[in-house]
Every structure is written in C-alpha cells, then in structure tokens.
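To start, the structure under review is shown below, and the notes come after it.
The values are calculated or read from the model by the stated rules, or taken from the named source; none is laboratory data. These figures come from a predicted structure and were not determined experimentally. Note: ideal-geometry Cβ built from the backbone for every residue, glycine included; neighbour counts use all protein chains shown.
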Amino acid sequence: MKKLIRYLKPYTLFAILAPLFMLIEVICDLYQPTLLAHIVDNGILKNNFQLILHTGLIMLAVAFIGVIGGVGCTVFSSLASQYFGRDLRNELFKKVQQFSFSNIDKFHTSSLITRLTNDVNQLQTLVMMSLRIMVRAPLLFVGGIIMAISLNKNLSIIFLFSIPILASIFLFIMKKSFHLFSEVQKRIDYVNNVVRENLVGIRVVRAFRREDYEKERFKYANTMLMNAVIKAIMLMIIAMPLFMLVMNLSILVVLWFGGLLVNQGNMKVGEVMAYINYMGQIMFSLMMIGNILMFVSRASVSAERVLEVLEEKIDIQNKENADKTPIRGGKVKFEHVYFSYFNKEESVLKDINFEVNSGEIIGIIGTTGSGKSTLVNLIPRLYDVTSGRILIDGRDIRDIDLKILRDAISMVPQDTILFSGTIKENICWGKEDATYEEIIESAKIAQAHEFIIRLPQGYDTVIGERGVTLSGGQKQRIAIARALIKKPKILILDDATSALDFATEQKIIHGLRGIIKNCTTFIVAQRVSTMMNADKIIVLDKGKIVGFGSHAELLKNNDFYREIYKSQIDEEVMKYA
Amino acid sequence: MRREGMRPFGGPGGRIGPRFHFEKVEIKDPWGTLRKLFAYLKKFKWGFIFVFTLTFISSILGIVGPYLIGRGIDTYIIPKKFDGFLNFLLILGGVYLLSSFIGWLQGYVMLKTTQKLVFVMRRDFFNKIHSLPIKFFDLRPYGDIISRITNDIDNISMVLSNSVIQFFSSITTLIGIIIMMIRISIPMTVVSLVTIPLTIWLTNFISNRTRNYFYANQTLLGKLNGLIEEDISGIKVIKIFNREEKEIKRFENLNEELTQVGVRAQIFSGSIGPLMNLLNNLSFAIITGFGGYFAFKKFISIGDITVFINYSRQFTRPINELANQYNMIQSAIASAERIFEVLEEEEEKESTDIVEIKDIRGEVEFKNVWFSYVKGNPVIKNVSFNVKEGEVVALVGPTGAGKTTIASLVARFYDVDEGQILIDGIDIRKIRRKDLRSFLGIVLQDTLLFSTSIKENIRYGRLDATDEEVIEAAKLAHAHDFIINLPQGYDTVLSEDGGGLSQGQRQLISIARAILANPKILILDEATSNVDTMTEKYIQNAMLNLMKGRTSFVIAHRLSTVRNADMILVVYNGEIIERGTHEQLIIKKGFYYNLYMSQFAEEVEVKD
C-alpha cells in the first residue's frame, strides 16, 4: 500500500487542501450549536427579535462558509483520487504493454483486465474516502476523548478497557478479511475469464450446443463469487454491531460509576450527561474510522494485485546501453539456438544453426509442432532463446535496441489479428505516415486492393474488434499489406497464406520480390509449392534442422523433404500434364 | 423530469480541470430503468420487507436507548435513589444487546438478499448472451460486455447494499420527526417545510447531471475494458509493429476522458451533502425567525419553540441522507441501464411452427439463397445446390468468395435473407437451432480452445464420452502422438487462447473434438490449413472413413484435398459459377481447371 502512495504525490496539494477544506466545514459545523444556543438563550427566551435576526444572519454566513469548505473538500478529494487512479491505470497499462507472453500467461488476460479497472477503482475510492473523512473522524474522536478526560479522569479509565477491545476486534477482522477479499478478487477474475472465453468462442459453443454446459460453468463461477463475497462481508457485518455493543456497554458502566460519583457528591448530574454525550460522539467517529479501515482491508488486496503487475519482472527487455544503430542489412545467423517454453518443458528447438544472406528468401517447412513458428518468433524477440544466440548483421539481437530491431522486421503472424478501426488505419500500423499511394500499393501486392475497393466504404470500412465480417483470407491479406507497407529489412510470413488460394498466394509472393529488394524473407508454409522458388529451405523435424538447401538440392539429397514433397504432388496432375 | 435534455452535462466543458470534450451519452428513460430495476427487486421482496421491518425496529430502538438513559438519570441519579438501578441497567443492557443483534441480522439478511439478486442478474445476463444472435457479437468489443457483467453489476450491488437500508431508515426517521413536529405546532411545521421544494429541486438538478456522468463513466469504463482486452489479445502484433507508444497514447486519451467524467461525477455527487447543509441552515434560520416572531406574538410558548428548534435540527440529518442516497441510486440506474440494454436486445427466435425431428438423413438443399452481413451488400447471391445423403461437397474459390458464409448458413449462425435452406426437405428455420446443430460437426477456421485440459477440450464434442473415446478420437485426428509427448499428456492444461501449442496442433485437437461429436453432417472449414501435408494426408484417410455415411462440406485451398469430393462447387463473388465432379470440371476447362492447373503447374515443371 505504501508503495502506491507515490502515485498521489503529484497531487499533494489537492490531498492537503481537501482535509483543510474539510476542517473549515467541521469548524463551521461545530460553531453552529453555539450560535443556536445564543439564539435560544438570548434571543427567543428574552424576546430579543433584533438579536434573532442578527445571529440568524451570522448563522447563514457561517453556513455559507461551511458549504465552501464542504464543496472544496469534495472538489479536491475528487481531483486527487481520480488523478491518482488515472496515473495508476496509465502506469499499469504501460507496464502490461512491455509484458512478454510468459508474463501475460502468468496473469491471464481476464485478470489483467480486472486489475486495471476494478482493483484501481477500489484504491481510488479508498483515497477519496480517506481524504473526505480523514480530518473529521479523528478530530471528533480525539476531541471527544480529550473532553471526556478533562471532564472526569476517573471515569475515563473505562477507555483503557474499551479501546483495546475495539482495537483488537479491528485488527482481527482486518487480518481475516484480507484473505477473504483476495479470494473475492480471484473469483471476479474467474467470472471474467468464463465470460471472455464464451464471447471469444461463441461459435464453438453454439456449434457444439454447449450453451447449457457453459451456463452451468458460469453458474459455478457465479456461485463461487457470491459465496466469497458473502463470506468476506459477513465479517464486516459482525463488526459494526459489535463496536456499537462495546461502546454502549461502556456507556452503561459510565452510568453506573457516574451514578456512584454523583451519590458521593464528586460529580454533577449534568457532567454525567455531558460525558455520555461525548461517548456518543466518540462512538460515531469510531464507526467512521471503522468503515474506512474495513475498506482499507479490501483495498490492500487490490493494492497487492496492482503491485504484482507493476513489480513483475519483464523477461524480455532492452539491455542497458542497447545498440541503437539502425539495421542496414538482413543477414541472419542462428548459432546453437535452443528454446523451450517456460524453461521447464522439453526443448522445442534444439541446436539450430544456419545462416542466410541479405535479400534471400528462406522457406521453412516441417511437420505440425516441429517448431517452425517458434523459430521465426525468436527473430523479433517475441521470445528469447534459452541458449545460443541469434545474430543480425553480426550483432546479437539481444544487444540491439528492441525498437530498432522490431522496426527492421515485419511479420504476418499465423493468427490474423486486426484492430478495431478502418482498414486504412489497420494497414497504416505498418507505417503511420503512409501516403494513400503507399497504402494502395501494398494492398495491391497483398492482393487486397480489389476486394477492399468493392466494399461500400472502401479503405474507410470499419472493421469490428476482430474484423469478423471479413473472411479469413481477406483478413490475412490486410495483415500482409500491413506488414509490407513497413518496407522491412526482414519479412516473416508465418503460415500467413494458409487461408489464401494458391493463385493469390503466388501473386503475392511474386509481387514481394519486385517491391522489396534486399529484404530477407522467411516464409513458413505447409506447401512445398509456396517456397519452391526460395533461395534456401529449412526443413524442421521435432525441433531440429534435418535439411537445409535449395528445393532442387533437397529433393536430391533429403529423404524427409522428398517425402513431404511426394505427399503433396499429385499423380493426377502428372496424368494431365 | 428531464429539464436538461439538451445539455446533459450542464454546460460546455465545465470549469473543472482542463477543457474536455465528452462523448454525449445520456440515459433516455431513467424512470423506466428504475422500474425495471424494481421488477428485479420484487423477486426478492420478502428479503427486502424483512429488512425494512428490522430497520423500523432498530430505528425505534435507536430512540429508546437515549430515552431510557434520560429516564435513568431522572429517576435514579438525580434523586440519588439507587434501588433497582442495577435492574434498570440490566434492562438497558438488554436493549443494547437486542439493538446490536438486530443490526447484525439486518445486515445479514440484506447481504444475502443483495448477493442473491446480483447472482440472478449475472446469471440472466450470461444466459442472455447465449440467446443473442451471432451478429450481436460481431461488432461489439468483448471487454465492454465483460465490464457490464462485472463492473456494472458490482456497482448495482454496492449501491443496493449501502443505500437501501439508509434510504429506508431516513424515511422512517423523517416521518417520526414530522409527526413530533406536527404535534407541537402545525404552522411551525409548515414553515419548516418551506425549503423542501428547494431541496427537491436541488437534488433533482444535481442528480440529473450525476446520472449522466455516472452513465458516461460506466460507458467509458466499458470502452477502456474493451481496449485493454483488445490490446492484450493482440499484443503480438503490437510488439511486432512497435506500436506500444501509440497504444499507450490511445489508452491515455480514453483514460483521461474517463478521469474527467469521473471527477465531475464525484464532484457533483459529493457536493450534495454540503449543499443540503446550506439549505438546512437556511431552513433553520427561517424557523428561528418565524419562531421568534410567533413567540413574540405569543402564538406559541417559548418552551415549545425550543423543543421545536431541537427537532428541526434532527430533521436535517435524514434529509441529507435522503438526498445523498437518492444520488447514489442514480449511479445504480446508470449501471442498470447498461445491463438492461443487453437484456433487452432482441433474441434469436425460433419459428412458431417447429418441426420435431429425431434423426436426419443428411440431405441438404440451398434454394435461391441470398445473404448479406451488411444490408445492401449481399455476399451470397442466389445460390442453389442439392447435396444427397452421404455426399461430400467441396467448396472452392478465391478468398472472400463466400465459402465460410455458406457453411455458417448451414449451421444457422446466420439466417438467410431470401430463399431457403432445406435439410431432408425441411426448411432449417423450422428446426430448432439446437436440434439442427446436434446433427452437425463443425471445425471452424479459427481454432478456439478453452483454457482447460486437452482432454476436456476434446470432450467438448460429446460430454458423455469416456476417456477411451476421447483418445480414440484424438488418434483418428492424429493428435494422439503429440499429446502423449506433452509432460502432462491429455491432462495438459492449455493456457489462454491455447498458447503453447502450435496452430496446427490446435487444429488437430479441434478436429478430434468434431470427430467425437459423431455428427450426421460434417463441416470442415479450412480445418487443416496449418497442418503439415503429411499429417493432413493421414487425417484425410481417417476423414474418408469418417465421412462415410455423412454429408460433408469441405472448404479447402489445397485442391488435392477436394479432388475426391462427390461434387465441387466453385464459389466466386458470392455465386456458384461451376459445379460438378473433379473430372467433369477438368474437362470443362473453366475456372476450376485454371485454378487446379496453376497450383500444380510449377510442381510439375520441377518434377520434370
């Protein structure tokens, strides 16, 4: 919690002004009864109408100042808490943007969403509540105790009993509730997760008629959440009546001993009554403090969850003094590269060694799960090698500034991800200041131009979050255009043409050659025909390179490659040919 | 009630914080929303009635305590007669104990009731998701829907559990005090109620604003949720394109908007308390003024006026509370509006003349089918074809031609605009979607797996399948080998979005899932596009077995996959331009011939 206070620092002024204004309001509030007594005692009882009017006006003036105090406190506490929340959210989002895939896997998307919204909201509310009540409650509490003690020291011994009891109830509940509330937040994550999976997978759910099954699953998540909330709040519900009981019983004791003291002539009746009044005031302030403390225990769970994200160690980041020299060539070299996900499983890539020259086209082929995608994902450092190294133009990619590295690389990933916005905006991801001509040029090479201009709004067609109204192949072509417009030094097509028909695919690959000179191109594909013209082909099997060479060479020397080729070549074609 | 219809945020920009333009959003019918919310509360009326009764009792006990203390002082301490004082204290202790107990009980019942209510609301919302047409989800950010089911429903629950008791206890107290005031002096009571219209006007004035600010706040929170969801799902692309800073900027802008709206919502709602205080003091000044005058004119005794003034002080607290709670309820209305927006979306309806079917043969016919996602832009144009029981139909054609759409129409993910789709001669709109889909096995273009174990993912195809059957299906899909090589085998829990497995492996699992479903009609939409060709070949053999006796739709770009189909439909630009068997189409030397030859021409060259 303390670590998060620094996000309040820029708003120290607001955070100080809020309680100060509250002080004004409290003072005005406290002044009013005196004025009231004055009106009653000297005005009404003495029939002094002039005094009534006069004091009444003063009361109004005081009330007006009080309003300024109250509204001022509201304004500054709102500003402080909302800006605090804003900065915290920005900071969290910035951090998440740096996350690697294993960082994200650790938290899960749905939990990250909850942490950025729900948890920050809890903290924001806590800040606001504290700033609004911070002055009032302790002031009433301390004031009440001082007044009580000054009235009668002996009676005040009761506080030596009741306050430790109250404190221990507080501590006990806060300690217990931390655990309970952290369970609540976890279950909110889970509810989020079920909903998200159902939205993303709505077609699968419908296709397999699993609506009822999913409803059951949600019911479980929902019930778990409800039970957790009930369990956590149950504790809070016991607290308040318990506080009241302790304070009320203290009043009883005061009444008893006060009665005795009056009997002995050591105390006046009025004093006993005043004493009891002060105890009521103390009780009221305690309840306010208690309320906030309850909230603190919930918010500290949120604080912990937020800090977990902020303090997460990012496993892929810039080295200190990373090399910012731009990448000029596209020479790529793998040296004894091993890779395994999460460092625990068997290596997905084993001892990968190869070297390709600038401007070459490299095909990568292999069985399902042989590590083709993994291999190309290593080049823009979406993952870091477990051992060995990758060099671009002789430089270890881990020494190159991440931004510089990724600026030089363009990639069309396997699963096409487009963002909400227009088609034009999506293509411009590759180059923000692209001219209209450039956009059209790359769309044409990606064989996307024709279908785009046939859409009612053309390049300004808005595509939904996942671009659902476009077909898989259309999305792939937009993603290719997006990658091409960047004019990269290294282009990676990770099975990016799987939803395209052969003719379109060939047109794209031919177009590529023309536009991007000196661009090293990696093409991961299932079809030999896709990469037959590649300068070099890497054949992968179970994470190892089992063949490296041109199509003709491999066909001659490599059994594995020949087998793949044969599985694809069609005897029928031979017949017709 | 809507005086401020034209200016939902009370003037341009406001003077707080930097100038900012908000998207103007406002609740159109707050009272309607409130009514709907009440309809929900009604389902739990006994809980609420019980709570209200308890609130009533505890309000009374709250008065009895201080009254008893006063009595105690009068009868025992002042006369210094302590006979029975202990008994009296015991009674007082009993009252306190009872009061605490009722306080607890009240909280307990309220907690249970609101949590149940929230549970039901969440359930209804989730169930609603599954009654909405697929179209609904095509253009909505997931994050926004998630935000509704968590943040908005949470907000409602918070307001209910905090405000409802307060609201009711304030009303009880208020009524009690008014009764006491009337008993003392009716004219004075009238005087003290003079400021009430002003109070109501001010409360209304503010809450009309806060309501829309709260609504904007929740809407923006939903948008922010959407952005976060989109950006985490798409982080790969963001990284590759170095878009982090841009996305952070986009986030910061939306976040700023949320903050500015939030500040305004908080300031307006937080100002209600102090402003009410001012009004109360005004009212108080009026009361003393008139009181003094009445006393001067001897309309009222001085003692009475003193007591009356004391009551009018007490009067203010519940009024403050009421104004405050009324305002908090606005925030619940804002959230409820977002919930009901979804709950009231039009559901997918089943036809009124449903045909009950137990089993189908699997004959599929398209009769002059037209379909468009966006009105006026048909993607399927006058498509007709007929597939006999057990036949394999291959859909080929360039991307975006409408192949996937045709498959989606068979599954009734969407309904046709014009024309008919018939299964065994029955219009599929007369078959319940669930019944229809029970005969279908679908492997979709995007492989979607759930974050459970591999075993459970395959079992999704048929929930009552035994482990043996699951493994059998995995073997047929050629997934078995790679699965058993994973450290946890079939119990490997897939990370979100199936990460960790390759795309091809995920496809194999989704094929196993469809195999397990054992359907009458099989739809394979690019089912093996990311699978290597050798594995594909193995699967194909298995598929050939599987397809026996089933009607199958196969969409593929590898023409070798489709060659053995009974009928090939060449789809181009939403129309079927050629149809026939492979041999027929080759002889025809049309579109298909060119497509086929172009794919293999180069391969043949190399081979020669």
Six or more apart or on different chains, Cβ atoms under 8 Å: show the pairs whose first residue is in region B:335-354 and farther than 16 Å from B:MET121 by Cβ and whose second is of a type in the set (S, T, N, Q). B:GLU347/B:SER131; B:GLU348/B:SER131
Consider region B:295-323. How many of its residues are acidic (Asp, Glu) and either at pLDDT below 80 or in a loop (DSSP other than H, G, I, E, B) (or both)? 1
Right, B:LEU98: more than 7 Å from chain A (Cβ to nearest Cβ) and more than 16 Å from A:MET247 (Cα to Cα) or not? no
Considering residues that are surrounded by 23 or more Cβ atoms within 10 Å (Cβ to Cβ) and of a type in the set (Phe, Trp, Tyr), the number found within region B:264-307 is 2
Consider only pairs whose beta carbons are under 7 Å apart and that are at least six residues apart or on different chains; among these, list those whose first residue lies in region B:291-310 and is more than 9 Å from chain A (Cβ to nearest Cβ) and whose second residue is of a type in the set (S, T, N, Q). B:ILE300/B:SER185; B:ASP304/B:SER185; B:PHE308/B:SER185
Scanning region A:15-56 residue by residue, those more than 7 Å from every other protein chain (Cβ to nearest Cβ) and acidic (Asp, Glu) turn out to be A:ASP29, A:ASP41
Give me the residue from region A:467-507 that is in a loop (DSSP other than H, G, I, E, B) and small (Gly, Ala, Ser) and, out of that set, surrounded by the fewest Cβ atoms within 10 Å (Cβ to Cβ). A:SER471
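One line per residue, one yes/no per condition, for (1) more than 20 Å from A:VAL412 (Cβ to Cβ); (2) away from chain B (no Cβ under 14 Å); (3) not polar (S, T, N, Q):
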{"residue": "A:VAL356", "(1), (2), (3)": "no, yes, yes"}
{"residue": "A:GLY359", "(1), (2), (3)": "no, yes, yes"}
{"residue": "A:SER387", "(1), (2), (3)": "yes, yes, no"}
{"residue": "A:ARG395", "(1), (2), (3)": "yes, yes, yes"}
Can you work out which of the residues in region B:114-142 that are assigned to a helix (DSSP H, G or I) and at pLDDT below 90 is nearest to the chain's Cα centre (by Cα)? B:TYR142
So A:VAL195 fits all but one of (1) at the interface with chain B (Cβ under 9 Å from one of its Cβ atoms); (2) buried (at least 21 other Cβ atoms within 10 Å of the Cβ); (3) farther than 19 Å from A:THR114 by Cβ; what number is the exception? (3)
Inspect all residues belonging to region A:89-101 and state whether any of them is of a type outside the set (Phe, Trp, Tyr) and more than 24 Å from B:THR259 (Cβ to Cβ). yes
Looking at region A:74-105, which of its residues are more than 8 Å from chain B (Cβ to nearest Cβ), of a type outside the set (A, V, I, L, M), out of contact with any Pro (no Cβ under 8 Å at 6 or more places or on another chain) and in a helix (DSSP H, G or I)? A:PHE76, A:PHE84, A:GLU91, A:LYS95, A:SER102, A:ASN103
At least 3 residues that are of a type in the set (S, T, N, Q) and at pLDDT below 90 in each: list the helices (runs of 4 or more DSSP H) lying fully within region B:556-608 that qualify. B:591-607
Kindly indicate which of A:ILE439, A:ILE409 is modelled with pLDDT of 90 or more, away from chain B (no Cβ under 11 Å) and surrounded by 20 or more Cβ atoms within 10 Å (Cβ to Cβ). A:ILE439
Considering only region B:437-488, how many residues are more than 9 Å from chain A (Cβ to nearest Cβ), within 27 Å of the chain's Cα centre (by Cα) and not β-branched (Val, Ile, Thr)? 3
When region A:290-308 is examined, which residues are found to be among the β-branched types (Val, Ile, Thr) and surrounded by fewer than 21 Cβ atoms within 10 Å (Cβ to Cβ)? A:ILE292, A:VAL296
Spot the failing condition for B:ALA332; the list is (1) in contact with a helix residue (DSSP H, G or I) (Cβ under 7 Å, 6 or more places away or on another chain); (2) outside any loop (DSSP other than H, G, I, E, B); (3) surrounded by fewer than 15 Cβ atoms within 10 Å (Cβ to Cβ), and only one is missed. (3)
Any residue in region B:391-411 that is buried (at least 17 other Cβ atoms within 10 Å of the Cβ), modelled with pLDDT of 90 or more and over 30 Å from A:ALA503 (Cβ atoms)? no
Pull up region A:253-269, narrow it to residues that are assigned to a loop (DSSP other than H, G, I, E, B) and touching a helix residue (DSSP H, G or I) at 6+ places or on another chain (Cβ under 8 Å), then point me to the one that is surrounded by the fewest Cβ atoms within 10 Å (Cβ to Cβ). A:LYS268
Condition test on A:ILE316, is it crowded, with 17+ Cβ neighbours inside 10 Å, closer than 30 Å to A:ARG86 by Cα and in contact with a Ser or Thr (Cβ under 7 Å, 6 or more places away or on another chain)? yes
So, A:LEU140, is that one in a helix (DSSP H, G or I), more than 18 Å from the chain's Cα centre (by Cα), hydrophobic (A, V, I, L, M, F, W, C) and modelled with pLDDT of 90 or more or not? no
Out of region A:89-135, which residues are touching a residue at least 60 places away in the same chain (Cβ under 8 Å), charged (D, E, K, R) and either closer than 21 Å to A:ILE5 by Cα or surrounded by 21 or more Cβ atoms within 10 Å (Cβ to Cβ) (or both)? A:GLU91, A:LYS95, A:ARG115, A:ASP119, A:ARG132
Checked against (1) touching a residue at least 24 places away in the same chain (Cβ under 8 Å); (2) more than 27 Å from B:THR528 (Cα to Cα); (3) under 29 Å from the mean Cα position of the chain (by Cα), B:ASN382 satisfies every condition except (3)
Odd one out for A:ARG209, checked against (1) more than 7 Å from every other protein chain (Cβ to nearest Cβ); (2) of a type outside the set (Ser, Thr, Tyr); (3) not in a helix (DSSP H, G or I): (1)
So A:ARG562 clears everything in (1) within 25 Å of A:LYS507 (Cα to Cα); (2) modelled with pLDDT under 90 except one condition, right? Which one? (1)
Go through region A:8-50 and report how many residues are within 22 Å of A:LEU139 (Cα to Cα), acidic (Asp, Glu) and without any contact (Cβ under 8 Å) to a residue 40 or more places away in the chain. 1
The condition from (1) under 30 Å from A:LEU245 (Cα atoms); (2) touching a residue at least 40 places away in the same chain (Cβ under 8 Å) that A:GLY363 misses is numbered (1)
Top-ranked residue of region B:127-140 - restricted to ones that are facing chain A (nearest Cβ under 7 Å) and touching a Leu at 6+ places or on another chain (Cβ under 8 Å), ranked as farthest from A:PHE208 (Cα to Cα): B:PHE137
Does A:VAL71 satisfy the condition of being hydrophobic (A, V, I, L, M, F, W, C), in contact with a Leu (Cβ under 6 Å, 6 or more places away or on another chain), at the interface with chain B (Cβ under 8 Å from one of its Cβ atoms) and under 21 Å from A:PHE14 (Cβ atoms)? no
